[in-house]
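The structure appears below as structure tokens.
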Amino acid sequence: MSSSAGPSLPHRAVSSIRAGDRSSLPSTPHTPPRAIVPSAFGSPSTLRADEDVVILELGSRRMRLGFAGDATPKRTVSFGPEQQRRAGDFRAWDATYQADWRRRASGKPWGTDNELWQLDMRGQDLALVGDKLERELRDAFTKYLLIDSRSRKFTLVLPPTLPIPLISSVLDTIFNCFQPPSISILSSPVMTVMAAGTRSGLVIDIGWHETTVTAVYEFREVHSWRTVRAGKLLVEETYEFLSNAIRGRPGTARTERTEDKLEDSAVSFEECEEFAIRMLWCKRATNEPALDRTEGLPTLHEQDETETVPPVEDRSPMAVNLNSCNPPKTVEIPFAELAEPCEAVFLEPYLSPRCFDDHELPLHLLVYQALLQLPLDVRAICMSRILFTGGCSNIIGLKGRILDEVSLLAKERGWDSVRGKAVDQYKKNPKLRRNGSRQSNDEPVPVPAPVPVQVPIPALVEKSTAEGAETAPPPNPAHAAPESDHVEEMIKRDRDQKPVVQGKLRVLDTLGAWCGASMATQLKIPALATVDREIWLQQGVSGASRPSEVDVRTQQRQSVGAGGLIRGQVSQSNNNWTLGVWGAI
């Protein structure tokens, strides 16, 4: 070993060895380096991509698609025969394509090409439903959402009356084609209430196959009622109305039709639907109720002084061009008769209520009976938060007409479910009524103010007792007003709380079920049902348990770790999942 003249290395202590060699570090103050985790401190685009949740609202005619947290959907799809063309099919540009709609619609029920599904499961091709849904989802992902095929969480917004086979087909298509780790299912009436900025309400969904009336109280569905008087029946009535106009018959004529809807003088489904959207309107009630308008000043509506004829009596002809019939025709229809299809479909004022079955009640009777069957506290809240949604709710004058008819029924019948001649005789006969009793539709019994306590005198006590025997007995204590709570009054005074609006009919506007689901998903609100992909592929729809058999507290436990690892372990260990209000097999 050769020796050198240079200085030898100093002895290194144990502390310097453990601390490392700091000779290369600068002597000036500095910020120590720190390892950056890309998943937690990446760019906003990376963070957005990691937390993207696709919101999908499905209906029988339309589909809305977008991201959680957005105000409006990115894509709204209307299902029709044009979406079923294959690549390279350029028949739509043929001059005779539009006039050849009869050959394309032959052999199928009228208008089925414009529907994604039918509520009647007999003969329904569920594989075709899945193929239509997959094609529209892939097209929307590529052209409108501009995202790749990486797996993302889905949130489905479905109506509560959807059959389980259709739910199974939709979940199979999404899980097998897009591989999301989980799918959350939300109810459309609850999301409609959330989009209105309230916690309770009566949701009237005038859809395509049926109209549903759902009572929601504190984000929980109380009950749901439905009727077949919806958009499909309106389009069929519009076809009858236009056929009568072509043949020169009155629009209100009711005859047994035996001719085919594909004959030369028939009108196509698309033209009937366009006519119903653009031209139809609804009349006002004959006897307008006196609604309470105590809030604010009365609104002064602007009116044209030159207009003297009301819309109901306006007989000015409206020219309508019908291009789908052979040959094309132009018919003139009085403006007042354009309200007849809505009158016949949604209200049916010419028939007695005894003529209707439970599934075909007019809308105003259905809404009134729904409110009548609700508990008292739920009814008081829901009747002040009536929400209209659905495609047919945009018909001019329909919302106001339904509200006026319900107000007239409430004023005429009250909120007593027992009706008949015996009830009327009982109310009019004072001998049959108990002292101090009151009916549900009567005014509350006034309670006298408390009298200061004085020392009783025996003579006055005997005199008052003799007079009380002749007068009416004191009111029932059950009807007395509750005593005021001073603590609650102080809290309300400090917080400046406004009284809750209840007990009167009122309509609120809503942004729709998709906007409510977007907000709920962005706020991390637990869904009614959450289905994991691995469990679905193993068990399918037959593995769903009933809601009463699932431990909700265990399902709501989740971890803040990356990817929700603990939550997935808990759900897989229990293997108990449910479809919520949609039930189980």
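Please verify whether LYS399 is at negative phi and under 20 Å from the mean Cα position of the chain (by Cα), treating the condition exactly as stated. Give the steps one after another, and end with the answer.
Values: at negative phi: yes; under 20 Å from the mean Cα position of the chain (by Cα): yes.
Against the criterion (at negative phi and under 20 Å from the mean Cα position of the chain (by Cα)), LYS399 qualifies.
Regarding PRO526, is this residue in a loop (DSSP other than H, G, I, E, B) and either open to solvent by less than 30 Å² (accessible area, probe 1.4 Å) or at pLDDT 85 or above (or both)? Let's see the steps before the verdict.
Details: in a loop (DSSP other than H, G, I, E, B): yes; either open to solvent by less than 30 Å² (accessible area, probe 1.4 Å) or at pLDDT 85 or above (or both): yes.
For PRO526, the condition - in a loop (DSSP other than H, G, I, E, B) and either open to solvent by less than 30 Å² (accessible area, probe 1.4 Å) or at pLDDT 85 or above (or both) - is met.
Would you check which residues across the range 505-523 are in a loop (DSSP other than H, G, I, E, B) and within 15 Å of the chain's Cα centre (by Cα) and list them? Give the derivation first.
Looking only at the range 505-523, we keep the residues that are in a loop (DSSP other than H, G, I, E, B), and these are 505-506, 509-512, 523.
Those that are in a loop (DSSP other than H, G, I, E, B) and within 15 Å of the chain's Cα centre (by Cα): ASP509, THR510, LEU511, GLY512.
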**OP:** Tell me which residues, restricted to the range 134-158, are surrounded by fewer than 18 Cβ atoms within 10 Å (Cβ to Cβ) and either at positive phi or under 21 Å from the mean Cα position of the chain (by Cα) (or both).
**Re:** LEU146
Subject >> Per-region count, the range 272-288, residues open to solvent by less than 30 Å² (accessible area, probe 1.4 Å) and at pLDDT below 90 >> reply: 1
Original post:
Hey, LEU119 hits all of (1) in contact with a helix residue (DSSP H, G or I) (Cβ under 8 Å, 6 or more places away or on another chain); (2) modelled with pLDDT under 90; (3) open to solvent by less than 80 Å² (accessible area, probe 1.4 Å) but one; which does it fall short on?
Top reply: (1)
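Considering only the range 534-546, state which residues are surrounded by fewer than 20 Cβ atoms within 10 Å (Cβ to Cβ) and either part of a helix (DSSP H, G or I) or in contact (Cβ under 8 Å) with a residue 40 or more places away in the chain (or both). Steps first, please.
Here is the first cut: in the range 534-546, the residues surrounded by fewer than 20 Cβ atoms within 10 Å (Cβ to Cβ) are 534-535, 537-543, 545-546.
Selection gives GLU534, ILE535, LEU537, GLN538, GLN539, GLY540, VAL541, SER542, GLY543.
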Subject >> Answer residue from the range 60-91, given it is modelled with pLDDT of 90 or more and basic (Lys, Arg) and is least open to solvent (accessible area, probe 1.4 Å) among those >> reply: ARG61
**OP:** State all residues of the range 396-421 that are touching a residue at least 12 places away in the same chain (Cβ under 8 Å), open to solvent by 20 Å² or more (accessible area, probe 1.4 Å) and assigned to a loop (DSSP other than H, G, I, E, B); if no residue qualifies, say none.
**Re:** GLY397, TRP415, ASP416, SER417
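Hand me the list of strands (runs of 3 or more DSSP E) wholly inside the range 197-246 holding 2 or more residues that are open to solvent by 30 Å² or more (accessible area, probe 1.4 Å). First the steps, then the outcome.
Details: elements: 201-206, 211-217, 220-227.
In the range 197-246, the matching strands (runs of 3 or more DSSP E) lie at 220-227.
So how many residues does the range 493-515 have that are farther than 30 Å from THR155 by Cα and of a type outside the set (A, V, I, L, M)?
Here is the first cut: in the range 493-515, the ones farther than 30 Å from THR155 by Cα are 493-506.
Then keep just the ones that are of a type outside the set (A, V, I, L, M); that gives 493-499, 502-504, 506.
Matching residues across the range 493-515 total 11.
Look through the range 487-522, keep the residues that are within 30 Å of LEU372 (Cβ to Cβ) and among the hydrophobic types (A, V, I, L, M, F, W, C), and return whichever of them is most open to solvent (accessible area, probe 1.4 Å). Show your work before the answer.
From the range 487-522, those within 30 Å of LEU372 (Cβ to Cβ) are 498-513, 516; that's our starting set.
Within this subset, residues satisfying the condition of being among the hydrophobic types (A, V, I, L, M, F, W, C) are 500-501, 505, 507-508, 511, 513.
Values: VAL500: 95, VAL501: 39, LEU505: 38, VAL507: 55, LEU508: 42, LEU511: 129, ALA513: 9 Å².
Among them, the one singled out is LEU511.
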Original post:
Restricting attention to the range 376-395, which residues are farther than 19 Å from TRP208 by Cα and touching a residue at least 60 places away in the same chain (Cβ under 8 Å)?
Top reply: VAL378, ALA380, ILE381, CYS382, MET383, SER384, ARG385, ILE386
Subject >> Residue satisfying all of: in the range 159-178; aliphatic (A, V, I, L, M) and farther than 27 Å from ILE204 by Cβ; surrounded by the fewest Cβ atoms within 10 Å (Cβ to Cβ) among these >> reply: LEU171
Original post:
Is it the case that some residue within the range 95-116 is modelled with pLDDT of 70 or more, hydrophobic (A, V, I, L, M, F, W, C) and assigned to a loop (DSSP other than H, G, I, E, B)?
Top reply: yes
Original post:
For the range 349-374, what are the residues that are open to solvent by 20 Å² or more (accessible area, probe 1.4 Å) and touching a residue at least 60 places away in the same chain (Cβ under 8 Å)?
Top reply: HIS359, GLU360, GLN369, GLN373
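The values are calculated or read from the model by the stated rules, or taken from the named source; none is laboratory data. As the structure is a computational prediction, the values presented were derived from the model and not from experiment. Positions of Cβ are generated from backbone atoms using ideal geometry, with glycine treated the same way; all protein chains shown enter the neighbour counts. Areas reflect the complete protein model, heavy atoms only, side chains present, ligands, DNA and RNA absent. Shrake-Rupley method; radii C 1.70, N 1.55, O 1.52, S 1.80 Å.
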